[in-house]
Amino acid sequence: MELTTHWAGILAIVIFIAAYALVILEENLHLRKSKPVIVAAGLIWVLVAYAFMSVGDSHTAEEMVRHNILEFAELFLFLLAAMTFINTMEERGIFEVLRAWLVNQGFSLRQVFWITGAIAFLMSPVADNLATALLMATVVISVGGTNHRFVALACINIVVAANAGGAFSPFGDITTLMVWQKGNLQFTEFFALIVPSIVNWLVTASILSFGLPAGKPDPMHEEANLQHGAWMVVALFIMTISMAVTFHNFLHLPPVLGMMTGLGFLKLFGYYLQRRDQAIQAQEMVEASALGIAAMHDNTVDSEKKYYDIYTNLQRAEWDTLMFFYGVILCVGGLGAFGYLAIGSEMLYTGLGPSISNILVGIASALVDNIPVMFAVLAMNPEMSQGQWLLVTLTAGVGGSMLSIGSAAGVAVMGQARGIYTFFAHLKWAWAVVIGYVASIAVHFWVNAGAF
């Protein structure tokens, strides 16, 4: 069926463009990005169903949308489990202890710049680029204080490092997770991008470092303590990642099954923590009673103390991001049902060739967002070599660093360092990020030449 010229298909494109315009203006309108795309998804699939029914087909649209919902469900549960682990590690004090250590060491501004960038690069493959960028941004804001030039440059460095580090791991970015779950690349094949990712960060960071102010920040002293069970949560997270990889590689089961099984273990451990808190509080109440009722009034015992609750950490997941993901997958899937993705694939991958097309994907990721761009590529599913799939994974991952709005990490850090790390503060150094982008692509073609 030729539906690309159907009025319903044209209207679907208009709806998608309008919804995405609202997404881009999120910071100005204070309208959560998930809201317009969820509405757009529903309207687009109504148009898809109408267009198919107008030619006598009342079943294909239903089958297509069910397929898109299944893809979303797998990624949704995977990310929900990962986010719950990250939130639990934060609640147990893992990240706060790291932040306090960095703040208390008395490093110079240049040392803080390089250390936070290195940690962001190394942490994002496991903890995801969004959580990593937020943590490191908190550190540079604490250290930099009123030195806005340092904070802005350090935030750019963190965004670039977090996105680069996330590009060579299925757990580092939503786009790499999509590619892995789709089966286009195996888990270990992503590691071929380690060298290009390092180059992407180091080239950009080296250029940014020339703009750093000299000196040391004012000395600070912060205290942070780990909560009971913190390292056990870390061990459970490592075990969960191992299960996800094992289930996928050796048992040929969806990785989400391993993640959800690990989440189940975390919830069992959470039950232990809850019962422990209850026992401690009960003992405190008994001891207070023995000392007399005055102890209660002197706040010796906090009778309002809350028990550990795993569902609190689950509720703190990035629900707006997860719902945005739903809207994007269904919007792009709806446009694919009209045949627009097939046309796009023909124009790009057949007309321009895979190399140029995959480089353009990275540029598009900076202008729009890497999630819909990568999902569109996966929906097109062009015939490409392993080297080309690695290339598009790299460009979609690091391309968003060219603009502050091009990645979830950049948008989050703008909110964290509001008024200091801004769109224009990043844009001023975008040329340096572009040089790192080009350098990483060149290194990929050189280092992984045998994969093409």
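With the requirement that a residue be open to solvent by 70 Å² or more (accessible area, probe 1.4 Å), touching a residue at least 24 places away in the same chain (Cβ under 8 Å) and farther than 24 Å from ALA376 by Cβ, what does region 53-81 give you?
Of everything in region 53-81, just one residue is open to solvent by 70 Å² or more (accessible area, probe 1.4 Å), touching a residue at least 24 places away in the same chain (Cβ under 8 Å) and farther than 24 Å from ALA376 by Cβ, namely VAL55.
Check whether at least one residue in region 346-355 is open to solvent by less than 30 Å² (accessible area, probe 1.4 Å), free of Cβ contacts under 8 Å to residues at least 12 places away in the same chain and out of contact with any Pro (no Cβ under 6 Å at 6 or more places or on another chain), and report yes or no. Step through it out loud before you land on a result.
Filtering region 346-355 for residues open to solvent by less than 30 Å² (accessible area, probe 1.4 Å) gives 349, 353.
From what's left, free of Cβ contacts under 8 Å to residues at least 12 places away in the same chain: 353.
In the following step, the residues that additionally are out of contact with any Pro (no Cβ under 6 Å at 6 or more places or on another chain) were identified as 353.
Checked region 346-355: at least one residue is open to solvent by less than 30 Å² (accessible area, probe 1.4 Å), free of Cβ contacts under 8 Å to residues at least 12 places away in the same chain and out of contact with any Pro (no Cβ under 6 Å at 6 or more places or on another chain).
Check CYS155 against each of (1) open to solvent by 20 Å² or more (accessible area, probe 1.4 Å); (2) under 26 Å from VAL361 (Cα atoms) and name the one condition it does not meet.
With (1) open to solvent by 20 Å² or more (accessible area, probe 1.4 Å); (2) under 26 Å from VAL361 (Cα atoms) applied to CYS155, the lone miss is (1).
Is there a residue in region 167-179 that is surrounded by 19 or more Cβ atoms within 10 Å (Cβ to Cβ), over 19 Å from MET123 (Cβ atoms) and in contact (Cβ under 8 Å) with a residue 60 or more places away in the chain? Steps first, answer last, please.
We begin by selecting, within region 167-179, every residue surrounded by 19 or more Cβ atoms within 10 Å (Cβ to Cβ); these are 167-179.
From what is left, the residues that are over 19 Å from MET123 (Cβ atoms) are 178-179.
In the following step, the residues that additionally are in contact (Cβ under 8 Å) with a residue 60 or more places away in the chain were identified as 178-179.
Yes, region 167-179 contains a residue that is surrounded by 19 or more Cβ atoms within 10 Å (Cβ to Cβ), over 19 Å from MET123 (Cβ atoms) and in contact (Cβ under 8 Å) with a residue 60 or more places away in the chain.
Within region 328-345, count every residue that is at negative phi, surrounded by fewer than 23 Cβ atoms within 10 Å (Cβ to Cβ) and in contact with a Ser or Thr (Cβ under 8 Å, 6 or more places away or on another chain).
2
Go through region 250-272 and report how many residues are within 14 Å of THR84 (Cβ to Cβ) and either of a type in the set (Phe, Trp, Tyr) or out of contact with any Ser or Thr (no Cβ under 7 Å at 6 or more places or on another chain) (or both). Full working, then the answer.
Just the residues of region 250-272 that are within 14 Å of THR84 (Cβ to Cβ), to begin with: 256, 259-270.
Next, from what is left, pick out any that are either of a type in the set (Phe, Trp, Tyr) or out of contact with any Ser or Thr (no Cβ under 7 Å at 6 or more places or on another chain) (or both): 256, 260-261, 264-265, 267-270.
Selection size over region 250-272: 9.
Considering each residue of region 247-283, count those that are over 26 Å from THR188 (Cα atoms), of a type in the set (Gly, Ala, Ser) and open to solvent by less than 20 Å² (accessible area, probe 1.4 Å), and give that number.
1
Which members of region 1-21 meet the condition of being open to solvent by less than 80 Å² (accessible area, probe 1.4 Å) and without any contact (Cβ under 8 Å) to a residue 40 or more places away in the chain?
Those that are open to solvent by less than 80 Å² (accessible area, probe 1.4 Å) and without any contact (Cβ under 8 Å) to a residue 40 or more places away in the chain: LEU11, ILE15, ALA18, ALA21.
Tell me, which residue of region 41-52 that is of a type in the set (A, V, I, L, M) and either touching a Leu at 6+ places or on another chain (Cβ under 8 Å) or touching a residue at least 12 places away in the same chain (Cβ under 8 Å) (or both) is farthest from VAL256 (Cα to Cα)? Break it down stepwise before answering.
Residues of region 41-52 of a type in the set (A, V, I, L, M): 41, 43-44, 46-49, 51.
From the residues that got through so far, the ones that are either touching a Leu at 6+ places or on another chain (Cβ under 8 Å) or touching a residue at least 12 places away in the same chain (Cβ under 8 Å) (or both) too are 41, 43-44, 47-49, 51.
On the way: ALA41: 24, LEU43: 29, ILE44: 28, LEU47: 32, VAL48: 29, ALA49: 30, ALA51: 34 Å.
Selected residue: ALA51.
Output yes when any residue across region 264-279 is among the aliphatic types (A, V, I, L, M) and more than 30 Å from the chain's Cα centre (by Cα), and no when none is. Outline the logic, then answer.
The initial filter retains those residues of region 264-279 that are among the aliphatic types (A, V, I, L, M), namely 266, 268, 273, 279.
Then drop every residue that is not more than 30 Å from the chain's Cα centre (by Cα), which leaves 279.
For region 264-279, residues among the aliphatic types (A, V, I, L, M) and more than 30 Å from the chain's Cα centre (by Cα): present.
In a helix (DSSP H, G or I) and within 18 Å of ILE405 (Cβ to Cβ) - does that describe any residue in region 134-146? Lay out the reasoning, then the answer.
The first filter runs over region 134-146 and keeps only residues in a helix (DSSP H, G or I), leaving 134-144.
Subset that is within 18 Å of ILE405 (Cβ to Cβ): 134, 137.
Among the residues of region 134-146, at least one is in a helix (DSSP H, G or I) and within 18 Å of ILE405 (Cβ to Cβ), which makes the answer yes.
Across region 22-49, what is the number of residues that are surrounded by fewer than 17 Cβ atoms within 10 Å (Cβ to Cβ) and farther than 29 Å from LYS182 by Cα?
6
Considering VAL433, VAL392, VAL398, VAL377, which residue is crowded, with 24+ Cβ neighbours inside 10 Å, touching a helix residue (DSSP H, G or I) at 6+ places or on another chain (Cβ under 7 Å), free of Cβ contacts under 8 Å to residues at least 24 places away in the same chain and at negative phi? Spell out the reasoning first.
Working: VAL433 fails: free of Cβ contacts under 8 Å to residues at least 24 places away in the same chain; VAL392 fails: free of Cβ contacts under 8 Å to residues at least 24 places away in the same chain; VAL398 fails: free of Cβ contacts under 8 Å to residues at least 24 places away in the same chain.
The match here is VAL377.
Can you tell me which residue in region 82-115 is farthest from GLY264 (Cα to Cα), limited to those that are polar (S, T, N, Q), in contact (Cβ under 8 Å) with a residue 40 or more places away in the chain and surrounded by fewer than 19 Cβ atoms within 10 Å (Cβ to Cβ)?
Just the residues of region 82-115 that are polar (S, T, N, Q), to begin with: 84, 87-88, 104-105, 108, 111.
Of the ones still in play, those that are also in contact (Cβ under 8 Å) with a residue 40 or more places away in the chain are 84, 87-88, 104, 108.
Now drop any that are not surrounded by fewer than 19 Cβ atoms within 10 Å (Cβ to Cβ), which leaves 104, 108.
Values: ASN104: 37, SER108: 43 Å.
By that ranking, first place goes to SER108.
Here's a check for you: in region 401-421, which residue that is over 14 Å from the mean Cα position of the chain (by Cα), assigned to a loop (DSSP other than H, G, I, E, B) and touching a residue at least 40 places away in the same chain (Cβ under 8 Å) is farthest from LYS33 (Cα to Cα)?
Taking the candidates together, the pick is ILE420.
Filter region 396-416 down to the residues that are under 16 Å from ILE174 (Cβ atoms) and of a type outside the set (A, V, I, L, M, F, W, C) and list them by number.
The answer is GLY397, GLY399, GLY400, SER401, GLY406, SER407, GLY410.
Of all residues being small (Gly, Ala, Ser) and either modelled with pLDDT under 65 or part of a loop (DSSP other than H, G, I, E, B) (or both) in region 284-317, which is surrounded by the most Cβ atoms within 10 Å (Cβ to Cβ)? Just the residue, please. Give the derivation first.
Within region 284-317, the first condition is being small (Gly, Ala, Ser), and the residues that meet it are 288-290, 292, 294-295, 303, 317.
Add one more test, that the residue is either modelled with pLDDT under 65 or part of a loop (DSSP other than H, G, I, E, B) (or both), and what stays is 292, 294-295, 303, 317.
Working: GLY292: 10, ALA294: 9, ALA295: 15, SER303: 10, ALA317: 17.
Once the filter is applied, the top-ranked residue is ALA317.
Being modelled with pLDDT of 90 or more and of a type outside the set (Lys, Arg) is true for just one of PHE95, PHE113. Which residue is that?
Numbers: PHE95 fails: modelled with pLDDT of 90 or more.
Residue meeting the stated conditions: PHE113.
Give me the pairs: first residue in region 203-231 and part of a loop (DSSP other than H, G, I, E, B), second residue among the β-branched types (Val, Ile, Thr) and surrounded by 12 or more Cβ atoms within 10 Å (Cβ to Cβ), beta-carbon distance under 6 Å, and six or more apart or on different chains, which are they?
Pairs that qualify, where the first residue is part of a loop (DSSP other than H, G, I, E, B) and the partner is among the β-branched types (Val, Ile, Thr) and surrounded by 12 or more Cβ atoms within 10 Å (Cβ to Cβ), are PRO217/VAL143; MET220/VAL103; GLU222/VAL103; ALA224/VAL97; LEU226/VAL97.
Between residues in region 256-272 that are free of Cβ contacts under 8 Å to residues at least 60 places away in the same chain and in a helix (DSSP H, G or I) and residues that are surrounded by fewer than 17 Cβ atoms within 10 Å (Cβ to Cβ) and of a type in the set (A, V, I, L, M), which pairs lie under 8 Å by C-beta distance while being six or more apart or on different chains?
What qualifies is PHE265/MET239; PHE269/MET232.
Just one of ILE343, ILE363 is over 16 Å from the mean Cα position of the chain (by Cα) and either within 16 Å of ILE13 (Cβ to Cβ) or in a loop (DSSP other than H, G, I, E, B) (or both); which is it? Let's see the steps before the verdict.
Values: ILE363 fails: either within 16 Å of ILE13 (Cβ to Cβ) or in a loop (DSSP other than H, G, I, E, B) (or both).
That would be ILE343, the only listed residue that is over 16 Å from the mean Cα position of the chain (by Cα) and either within 16 Å of ILE13 (Cβ to Cβ) or in a loop (DSSP other than H, G, I, E, B) (or both).
Give just the number: which of (1) open to solvent by 40 Å² or more (accessible area, probe 1.4 Å); (2) touching a residue at least 40 places away in the same chain (Cβ under 8 Å); (3) in contact with a helix residue (DSSP H, G or I) (Cβ under 9 Å, 6 or more places away or on another chain) does LEU360 not satisfy?
With (1) open to solvent by 40 Å² or more (accessible area, probe 1.4 Å); (2) touching a residue at least 40 places away in the same chain (Cβ under 8 Å); (3) in contact with a helix residue (DSSP H, G or I) (Cβ under 9 Å, 6 or more places away or on another chain) applied to LEU360, the lone miss is (2).
The values are calculated or read from the model by the stated rules, or taken from the named source; none is laboratory data. This is a predicted model, so every value here is computed, not measured. Cβ atoms come from the backbone with ideal geometry, glycine included; neighbour counts cover every protein chain shown. Keep in mind that these areas ignore ligands, DNA and RNA; they rest on the heavy atoms of the full protein, side chains included. Shrake-Rupley method; radii C 1.70, N 1.55, O 1.52, S 1.80 Å.
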